[in-house]
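The values are calculated or read from the model by the stated rules, or taken from the named source; none is laboratory data. For clarity, every value in this text was computed on a predicted model and none was experimentally measured. Every residue, glycine among them, receives a Cβ derived from its backbone with ideal geometry; neighbour counts consider all protein chains shown. Protein only, heavy atoms only, side chains kept; ligands, DNA and RNA dropped before computing areas. Shrake-Rupley method; radii C 1.70, N 1.55, O 1.52, S 1.80 Å.
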Amino acid sequence: MLAHLILSSGGFAIGTGEFATMSFLPAITHELGGDAPSGGHIVSAYALGVVLGAPLLAVLGARVERRLLLMLLLGWFAVGNLLSALAPTLQSLIALRFVTGMTHGAYFGAAILVAVTIAGEQRQSSAVARILMGLALATTLGVPLTNLLTQWAGWRMGYAVIGLFSMLVMVSLRCILPLQPVSANGSIRQEFGALRRPQVWLSVGIGAIGFGGLFAIYSYLASTLQTIKQVSDMTTVLIFCLFGAGITVGNMVASKLVSRGIMPAAGLILLWSAIATLFYSFSTHNVWLISLSVFAVGCGGGLGTVLQMRLIAVAGEAQNLAASLNHVAFNIANALGPWLAGLAIASGLGWASTGWTGFALALGGLVIWSIAVFLPEQSEDPR
């Protein structure tokens with residue numbers, strides 16, 4: 001559906017803005033000053049903005065008509081990126097990335113609820129997968145294309161194009177998406193009521209830990225590839241594209257698995273991630289093996305679709321908050337995985353240790369999943 005395509009395009013813009021920043025860091029620190037760790041604060045600031053902004057804006061937007069809410073969030077994101085392109089200092093850019101990141105989870109949460117409403121009850125999982133496909137395609141197409149642009153015109157142009165594209169999507173939403181009904185029962189108290197449900201916290205925990213392995217590997221993939229002699233710059237780009245292709249395939253498969261049970265699908269994907277990350281730790285010496293393992297690790301990204309459905313199922317009436325919490329978990333994983341992998345590398349365990357870190361986090365996700373499966377649920381909280 002055209003409306004789903006436009007909603008997914010907003011996810012594509014936001015995903016590109018998040019992931020492309022990682023490739024901007026050398027150019028940013030070269031121009032604005034600072035070392036690699038201080039440049040990394042730009043990524044951390046965005047992730048922190050997501051973690052704090054997603055639940056806050058989702059709750060505050062519970063009584064706002066959802067087309068208007070989506071337009072406001074995309075406009076906020078667009079302005080944040082345009083101002084990032086003009087940032088005069090590293091400190092101002094860090095602050096701007098924090099403010100820009102606040103819209104991330106709230107947009108995906110609202111977009112998914114609109115997509116599910118349009119698709120109908122029988123096609124919920126497919127609707128969720130379509131919206132998250134924008135995020136997957138950001139890693140496959142958005143980041144490489146932005147990299148090519150910034151190599152020619154600089155990192156500021158990269159942020160500017162992301163901002164302008166976001167504004168284009170915002171206008172398209174106004175033209176294509178019909179007005180969405182406002183929940184008559186929506187309230188701040190009701191939305192925060194979801195936080196009293198143990199299954200909501202367990203679902204967030206599965207994502208925050210289980211997703212961490214994917215980021216532990218992704219964050220250090222470029223550095224790992226540099227240790228393999230036959231890997232050229234173009235091969236590195238292609239391998240990163242394989243990672244994005246894996247996420248795309250994983251989301252497609254996950255939307256099918258969900259129809260046979262949300263929690264069985266989550267457990268199966270976590271088991272796959274454990275095997276894939278373990279395989280990665282033994283493949284870092286060979287370009288063909290690492291290419292295969294990177295694709296396999298990316299397929300574990302299908303966990304996002306499954307956990308989104310799980311949160312919608314267990315949150316009761318607090319649907320706005322539930323839909324945004326998946327991206328809170330995603331960005332906690334984005335901070336936790338690279339941090340733990342960095343500790344492993346710093347201790348002298350080598351680049352392959354990022355795979356071992358990912359394996360341990362996938363197992364941690366399986367432990368939390370096991371608790372969620374065996375913990376009694378409320379009667380209105382279907383599995």
What order do C299, C175 take when sorted by accessible area (1.4 Å probe), most exposed first? C175, C299
When all protein chains stay in place, what accessible area (Å², nearest 10, 1.4 Å probe) is found for E18? 10
With every protein chain in place, the chain: carbon and sulfur % of accessible area (1.4 Å): 71
Listed peptides 149-157, 247-255, 78-86 by packing density, highest first (mean Cβ within 10 Å): 247-255, 78-86, 149-157
Report R310's accessible area, 1.4 Å probe, all protein chains in place, as a number in Å² to the nearest 10. 0
Karplus-derived HN-Hα couplings along the range 4-18 (A = 6.51, B = -1.76, C = 1.60, θ = phi - 60°), whole Hz, x at Gly and Pro: 4, 5, 5, 4, 5, 5, x, x, 4, 4, 5, x, 5, x, 6
Testing the spin-label approximation: label points 7 Å from Cα along Cα→Cβ at M234 and A153. State their distance in nm. 2.4
Looking at the square roots a ≥ b ≥ c of the eigenvalues of the Cα gyration tensor of the range 228-355, which shape do they give, rounded for a/c under 1.5, prolate if a/b is larger than b/c, or oblate? prolate
Under the √(5λ) rule applied to the eigenvalues of the Cα gyration tensor, what semi-axes describe the equivalent ellipsoid of the range 80-120? Give them in Å, descending. 32, 9, 4
For the range 138-147, Karplus couplings with θ = phi - 60° (6.51, -1.76, 1.60), whole Hz, Gly/Pro x: 4, 6, 7, 10, x, 5, x, 5, 5, 4
Tell me the label only: which of (i) 31, 60, 9, 0; (ii) 29, 58, 13, 0; (iii) 23, 50, 25, 3 is P(r) over Cα pairs in 20 Å bins from 0, in percent as calculated from this structure? (i)
How much length is gained on full extension from M22 to T227, taking 0.36 nm per residue of separation minus their Cα-Cα distance? 71.9 nm
Counting only helical runs of four or more DSSP H residues, what would the 222 nm mean residue ellipticity of the chain come to if each run contributes -39,500 (n - 2.57) and the total is spread over all its residues? -26500 deg cm²/dmol
With a 1.4 Å probe and every protein chain left in place, work out the accessible area per residue of the range 305-369 in Å², rounded to a whole number. 31
Have a look at A160, I345, A62 and report the one farthest towards the positive end of the charge dipole of the chain, computed about the Cα centre with Cβ charges (Lys/Arg +1, Asp/Glu -1). A62
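Taking the solvent-accessible surface of protein heavy atoms with a 1.4 Å probe, what is the per residue accessible area of the range 75-173 in Å²?
Accessible area per residue, the range 75-173: 38 Å².
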